[in-house]
Amino acid sequence: MRIADSGLNGTQMNAEKNRSSGFRGCTRQHSPIFSGGGLNPQSAIRNPQLAGFTLLEVLVATALVGIAAAALMSGLSGSLRNLSRAEGYEKAVLVARAQMSRLLIEEKLKPGRLEDRWDESYRWEAEVAPWDPGGRAPVNPDVVPEIAVIKLRVFWKGVQGEKQVTLETCKYQGWSPPQPIR
């Protein structure tokens, strides 16, 4: 049979010949191109079982892992710095609350200034003044005010110099009769 007489093109004719002769063509299991057994340098790329990573892919992956690790370490060191700052502030607040409680327990506080050290790292100062809403009354240090304003400051050494925290409260000390004017 001639190609021109059959009405088939050359590719179809070859496929027809192969079918009639029992030749099944190259399959994936038997082809040297796909099995990696041939001399074709692209055989490993076409066979997913033999495929690996190129040097460029390995370098890019290593660079990405390195960048991620650097970012993670930077975040962790920043967190540790913040923890250190917060720890100093928290201890100062605890010292201030403890000292304020001691001052509030005292029966009568006279106007004036008190100061002391809590330990080598922390020191405190307290100012006691009479409560005066208008701010015009003269302060007499011998008279116990009816309402005392206590302002307590705690100082400590931080990484960037001396830090402070301030607590302020009022204490009702009872009514004192007015002193006679002499």
Determine the gain in length on full extension of the stretch Thr62-Leu94; use 0.36 nm per residue of separation and subtract their C-alpha separation, reporting nm with one decimal. 6.8 nm
How many nm is it between the label spots at Glu146 and Leu104, if each spot is 7 Å from the Cα in line with the beta carbon? 2.2 nm
Which value, in debye to the nearest 20, gives the size of the charge dipole of region 51-125 about its Cα centre, when Lys and Arg are +1 and Asp and Glu are -1 at the Cβ? 280 debye
Once R0 is set to 25 Å, what does the formula 1/(1 + (r/R0)^6) return for the Cβ-Cβ distance between Asp116 and Ser79, expressed as a FRET efficiency to the nearest 0.05? 0.15
Which whole-Hz couplings ³J(HN,Hα) result when phi for each residue of region 113-126 is put into the Karplus expression 6.51 cos²θ - 1.76 cosθ + 1.60, θ = phi - 60°, listed in order with x for Gly and Pro? 10, 10, 8, 6, 10, 7, 8, 5, 8, 10, 10, 9, 9, 10
Where in region 67-110 are there trypsin sites (Lys or Arg not before Pro) that are in a DSSP coil and have at most 13 other Cβ atoms within 10 angstrom of their Cβ? Lys108
Counting Lys +1, Arg +1, Asp -1, Glu -1, what net charge surrounds Ile150 among other residues with beta carbon under 15 Å of its beta carbon? -1
Using θ = phi - 60° and the Karplus form 6.51 cos²θ - 1.76 cosθ + 1.60, what ³J(HN,Hα) does each residue of region 74-89 get, whole Hz, x for Gly and Pro? 5, x, 5, 5, x, 5, 5, 4, 5, 5, 5, 5, 5, 5, x, 5
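The numbers here are math on the coordinates, done by the rules we state, and not lab data. From a predicted model like this one, the values you see are computed outputs, not experimental measurements. Positions of Cβ are generated from backbone atoms using ideal geometry, with glycine treated the same way; all protein chains shown enter the neighbour counts.
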